[in-house]
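The values are calculated or read from the model by the stated rules, or taken from the named source; none is laboratory data. In this text, all values refer to a predicted model and were calculated from it rather than measured experimentally. Positions of Cβ are backbone-derived with ideal geometry, glycine not excepted, and every protein chain shown enters the neighbour counts.
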Amino acid sequence: MKVSAMQWLALTTMVLITVTIFATMNFSFGWVFLFTVLGQFMLVVTVYRVLRDNYTTTKEFEDFYEDRPDLGK
């Protein structure tokens, strides 16, 4: 199963929130450091995956304010 860029983003966010929780709860330095390094690696991979994602759209700049058509003109 291929993991999409948005799934990488969600996983990275959860790992980095876990680092914050572990540091706040005074977990051992080893665990906090491990999750910090893992989170940094995942962040680099996430940025790469998002930038290399094959995403196309038919939207143009005029479609920017879809809920307020008067602002797009």
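A few notes on this one:
- Unique residue being assigned to a helix (DSSP H, G or I) and on the phi < 0 side of the Ramachandran plot when the list is 45, 3: 45
- Residues located in region 28-73, provided they are among the polar types (S, T, N, Q) and farther than 14 Å from residue 12 by Cβ: 28, 54, 56, 57, 58
- Of all the listed residues (19, 32, 15), the sole one being touching a residue at least 24 places away in the same chain (Cβ under 8 Å) and surrounded by 14 or more Cβ atoms within 10 Å (Cβ to Cβ) is 15.
- Any hit, region 2-14, residues being at pLDDT 95 or above and in contact with a Leu (Cβ under 6 Å, 6 or more places away or on another chain): yes
- Of the residues examined, residue 26 is not one that is in a loop (DSSP other than H, G, I, E, B) and within 18 Å of residue 7 (Cβ to Cβ).
- Filtering region 36-53 to residues that are out of contact with any Ser or Thr (no Cβ under 6 Å at 6 or more places or on another chain) and surrounded by 13 or more Cβ atoms within 10 Å (Cβ to Cβ) leaves 36, 38, 39, 40, 45, 47, 49, 50.
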